Each structure stands twice: as structure tokens, then as C-alpha cells.
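Just so it is clear, none of the values below were taken in a lab; they were calculated from the coordinates. It should be emphasised that the depicted structure is a prediction, and the values quoted were computed from it without experimental measurement. So basically every Cβ, Gly included, is an ideal-geometry build from the backbone, and we count neighbours across all protein chains shown.
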Amino acid sequence: MKKKFLAFTVIFFISSILYAEGIIEFYSTQSASSDVEMIGMTTDLYYNQLQNTNGYAIIDKRDTEYNTITKTKRGISFYAQIEESKENENLWTCTLHAIDGQSGKESYIVKNYESYYKILLDAKSSINTLLAGLSDSAPTKSTEIANPADIQNLYGTWDAENSVNKIVIMKNRKGFVVFDNGTTMNVRVSIDGSNITVRQVENNENTSHLTTWKLTQSESGNLKGTKISGDSTTAVEWTKR
């Protein structure tokens with residue numbers, strides 16, 4: 001029984017490669033940042049995002065650094081470079097590379113982020129643009145820096161993630177969350193450049209489980225970022241009513 005299962009698994013893996021539109025060899029992220037944990041999280045995120053991209057079989061080479069000798073000649077080589085600004089610890093420069101092994105053509109995207117969490121949120125669209133760039137006549141290059149936040153644009157009522165009925169932010173940077181079950185949570189807002197932090201006001205609960213939202217405001221006015229509650233981190237987007 002085990003041999004049949006193993007044989008089926010091998011056949012399925014080979015078939016997924018044969019019938020895929022292309023092969024992507026995923027190489028390790030190149031970075032001099034001391035934040036090894038965050039770099040590792042980003043690498044895994046890009047890898048998982050590519051796995052969910054239709055039409056490609058992904059070869060895991062996360063333990064190998066890309067170079068012109070090891071690059072694939074049968075598909076696409078992918079790797080990321082992440083640089084942390086020495087002047088601003090919240091500024092990250094992320095460059096994604098995709099190299100076609102047959103034609104030698106390279107597509108790349110360079111983006112600047114004033115919030116590390118925006119790298120995580122932008123992964124899907126960046127990868128789609130990067131791969132599309134291999135069929136264009138010129139490499140893809142774009143830059144993006146979020147605009148500084150302003151409490152004048154934040155106060156009001158917001159629709160947020162599931163289980164939340166509404167979030168209200170006031171001009172004094174205080175606010176509250178109303179959940180679908182009727183319970184409420186007091187929060188306080190802090191702004192650092194384009195980085196917005198909405199943090200649960202401490203109470204008698206275990207402070208290790210207090211909820212925090214780390215957000216930035218997009219050009220459309222929506223707030224995008226992550227919700228951190230205990231060991232759980234999820235992507236969120238708020239829309240103003």
C-alpha cells in the first residue's frame with residue numbers, strides 16, 4: 001500500500017511539471033539585513049505565492065543563492081533582494097528578479113516600502129507583474145512609497161475584517177472597536193510617517209494577547225496592513241464608511 005502511494009505521489013509530481021506552462025526555480029533571498037526572521041518570512045511568502053500561481057511548477061532552491069552558473073536553462077529563475085535603509089529603519093527596498101533561462105531575458109521590479117508589512121501585502125501583485133514582464137519588450141521597473149498618514153484622514157467610522165461590525169477613530173487618536181457579537185474594545189492610534197498603529201488599550205486581560213493593527217493608507221484611502229493578536233498575524237483592509 002505504501003509503495004503504491006509513493007508511486008502515485010511521484011507520478012503526480014512529474015505530471016504537474018510536464019503539464020505546467022513553465023518551471024520556476026526559486027532561489028534564496030539576498031539580503032544583508034540582520035532581521036533574519038523577517039527575511040525568512042518574506043522568502044516563504046514569495047515561495048507560497050508562486051506555488052499558488054497557475055501554470056507553473058515551482059522547484060524549491062531556497063537553500064541556494066542564484067548565480068549565472070546555477071540558473072536554470074529550462075524555465076525561469078526567481079529570487080528577491082531586500083535592503084534595509086541605514087537612515088530609516090522602517091524603509092525597505094525590495095527587488096524581485098525573474099530570468100528566462102532560454103532567452104536570457106530578465107524582468108525585475110524595484111519597490112520602496114515605508115512599512116515592512118506592505119511587502120507582505122504586495123507580494124501577489126508584484127509577482128504577477130514580474131512574470132508578465134517576461135513577455136513584454138522591456139524589463140518592468142516601478143517604485144512605490146506610501147504617503148505620510150494624517151489623523152484628519154483617519155477619524156471616522158471604518159469597516160474592517162470579519163467579526164468586526166465597525167471601528168471608530170476620533171480626532172484625539174482614541175477609538176473603539178464594535179464586534180458583531182456586541183462586545184467592544186478601546187483602542188489608541190499612533191502615527192509615525194506613513195505607519196499607522198492601532199493598539200488595544202491595556203486592561204485586565206493578559207497583555208500578550210492584546211490586539212494590534214499595523215496599517216498604511218493607500219491612494220484610494222483604504223487602510224491596509226496586518227492584525228496581530230497573540231501569535232496570530234493576518235492581512236486586513238479597512239474601508240471608510
(request) Would you please give the FRET efficiency between Ser218 and Asp159, computed as 1/(1 + (r/R0)^6) with r the Cβ-Cβ distance and R0 = 22 Å, to the nearest 0.05? (result) 0.90
(request) Can you tell me how much longer the chain between Asp231 and Lys171 gets when fully stretched, taken as 0.36 nm per residue apart minus their C-alpha distance, in nm with one decimal? (result) 18.5 nm
(message) Below 11 angstrom from the Cβ of Trp158, what's the summed charge of the other residues (Lys, Arg +1; Asp, Glu -1)?
(response) 0
(request) Please sort by residue number the GluC sites (Glu not before Pro) in the stretch 153-235 whose DSSP state is loop and whose Cβ has at most 11 other Cβ atoms within 10 Å. (result) Glu202, Glu205, Glu219
(message) Taking 31 Å as the cut-off for C-alpha to C-alpha distance, list the pairs among Lys86/Lys171; Lys111/Lys214; Lys105/Lys224; Lys124/Lys166 that go past it.
(response) Lys86/Lys171; Lys105/Lys224
